[in-house]
Amino acid sequence: MHDRLSKKFLWVTVFNVVITLAEFIGGVVSGSLALLSDAVHNLGDVGAILLSFVSHRISQKHKNSKKTFGYKRAEILAAFTNAIILLVISGFLIVEALRRFSEPVEIGGNVMLVVSIVGLLGNFISMVVMHADSKRNLNVKSTFLHMLSDAVSSVGVIVAAIFIKFWHITWLDPAITILVALIVLREAVRIVVESINILMESNPDIALEAVKETVLAVPEIKNIHHVHIWRFSGEQIMMDAHINVDSAMTVSELETIYDKVAEQLYNKFTINHVTLQAECRRGADEQMIEIGKND
């Protein structure tokens, strides 16, 4: 628990446990489905935060003979799992909300309003705590989106509570539930797609032709082929490739070229792990990607 991010996970977990308990009690007392759905959502968030925290701790483990790349992808697996949980919860809430339209219940607007305000404050604090790290870590981003969806949900519940309290428009309760669930679905699908792309070692939208131009700008390099670019984790983009150079080039000269190419690729594309293999004639006529050919 000594690193900064672990402490943030701890505080966000505490906030969400308190919010969940308050909303469960408030939902039962008031009869509000929107409040109960928010509580279920927050309960899922508690599990998601704990999963994110555990995966973050695992990702800090050092490389070893069995995990030569280390444990960084534990966070990607957690992000993927959290997004799937969000999809399931959202589907459940939509089904339950649709049922409420045909079977409306009496709702206590006062309790609903107070508890939803407490929930909004707690979620806002959690978002502030996690915001900075969400920009560079997919695992934290999935947790932040949980908090964001909860905050949006709380705002919706507050609006519904006001209309129910003063004008007794109870259909807003399930309507807000469906709206929030759809917003959560949209964000969850994005994380699922991004996680799958990382796990499938997809190119993170880096133009290969631009990479080729950058590499071939080094005068000693005649061709580049057998190229692979992929995002290994939220913070690390990797590339390996074969380059063709003159046969008379020495090892020390190659090292200088490797360093120059790696620096350029990092500055232009934030590729921070580059592996190059120098060749003379082999592959001199090959393209960057040989379509239909598996390595």
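The values are calculated or read from the model by the stated rules, or taken from the named source; none is laboratory data. What you see is a predicted model; the values in this text were computed from it and never measured. Neighbour counts are summed over all protein chains in view; Cβ atoms, including those assigned to glycine, are modelled from backbone coordinates with ideal geometry. Only protein heavy atoms, including side chains, enter the accessible area calculation; ligands, DNA and RNA are left aside. Shrake-Rupley method; radii C 1.70, N 1.55, O 1.52, S 1.80 Å.
Return P(r) of the stretch 1-88 (all Cα-Cα pairs; 10 Å bins starting at 0; whole %; ordered from short to long distances).
17, 36, 28, 13, 5, 1
Using Cα springs under 10 Å in a Gaussian network model of the chain, which residue among Leu98, Leu50, Leu120 shows the largest mean-square fluctuation?
Leu98
Quickly estimate the mean residue ellipticity at 222 nm for the chain, helices only: each DSSP H run with n ≥ 4 gives -39500 (n - 2.57), and the total goes over all residues, rounded to 500.
-23500 deg cm²/dmol
With contacts defined as alpha carbon pairs under 8 Å and 6 or more residues apart, what's the relative contact order of the stretch 65-170 in percent?
Dividing the mean separation by the residue count of the stretch 65-170 yields 36 percent.
Rank-order 212-221, 59-68 by packing density, defined as the average count of other C-beta atoms within 10 Å over each peptide's residues, highest first.
212-221, 59-68
Give me the number: length gained by fully extending Asn267 to Val88, i.e. 0.36 nm times residue separation minus the C-alpha to C-alpha distance, one decimal in nm.
Fully extending the segment from Asn267 to Val88 adds 60.4 nm.
Given a cut-off of 18 Å, what percent of all Cα-Cα pairs of the stretch 149-252 lie beyond it? List each step's numbers first, then the result.
Numbers: 3626 of 5356 pairs.
In whole percent, the share of Cα-Cα pairs in the stretch 149-252 beyond 18 Å is 68.
With an 8 Å Cα cut-off and a minimum separation of 6 or more residues, compute the relative contact order for the stretch 1-200 in percent.
28 percent
What size of dipole, in debye to the nearest 20, comes out for the stretch 1-200 about its Cα centre when the only charges are +1 on Lys and Arg C-beta atoms and -1 on Asp and Glu C-beta atoms?
It works out to roughly 1200 debye.
May I ask for the equivalent-ellipsoid semi-axes of the stretch 45-129, computed as the square root of five times each C-alpha gyration tensor eigenvalue and listed largest first in whole Å? Write out the running numbers ahead of the final one.
On the way: eigenvalues 296, 65, 9 Å².
In descending order, the three semi-axes are 38, 18, 7 Å.
Can you give the FRET efficiency for Gln277 and Glu209, using 1/(1 + (r/R0)^6), R0 = 22 Å, r = Cβ-Cβ distance, to the nearest 0.05?
After rounding to 0.05, the efficiency reads 0.60.
Check the straight Cα-Cα distances from Lys8 and name the lysines below 22 Å, setting aside those fewer than 8 residues away within the same chain.
Straight-line reach from Lys8, under 22 Å: Lys61, Lys72, Lys135, Lys141.
Residues with amide H under 5 Å of Ile237's amide H, sequence separation 5 or more or different chain, H placed in the peptide plane at 1.01 Å from N; which?
Phe232, Asn272, His273
If the viscosity is 0.692 mPa s and the temperature 37 °C, what translational diffusion coefficient in µm²/s does Stokes-Einstein give for the chain when Rh comes from Kirkwood over Cα pairs? Don't jump to the answer; show the numbers that get you there.
Numbers: Rh = 21.9 Å.
Translational D for this selection: 150 µm²/s.
What's the extension gain from Thr68 to Phe101 if we count 0.36 nm per residue and subtract their Cα-Cα distance?
Contour length minus the Cα-Cα distance gives 6.4 nm.
What does the accessible area per residue of the chain come to in Å², with a 1.4 Å probe and no ligands, DNA or RNA counted?
With all protein chains present, the chain gives 52 Å² per residue.
May I ask you to derive the FRET efficiency for Lys165 and Ile196 from their Cβ-Cβ distance with R0 = 45 Å, giving the value to the nearest 0.05?
On the way: r = 44 Å, r/R0 = 0.97.
Efficiency for this residue pair is about 0.55.
With a 1.4 Å probe and all protein chains left in place, how much of the accessible area of the chain comes from carbon and sulfur atoms, in whole percent?
64 percent
Order these peptides, 191-201, 252-262, 236-246, by their mean beta-carbon neighbour count within 10 angstrom, highest first.
Packing order, densest peptide first, comes out as 236-246, 191-201, 252-262.
Under the rule a/c < 1.5 gives rounded, and otherwise a/b versus b/c splits prolate from oblate, where does the stretch 208-279 land using the Cα gyration tensor?
Details: a/c = 1.90, a/b = 1.75, b/c = 1.08.
The shape class here is prolate.
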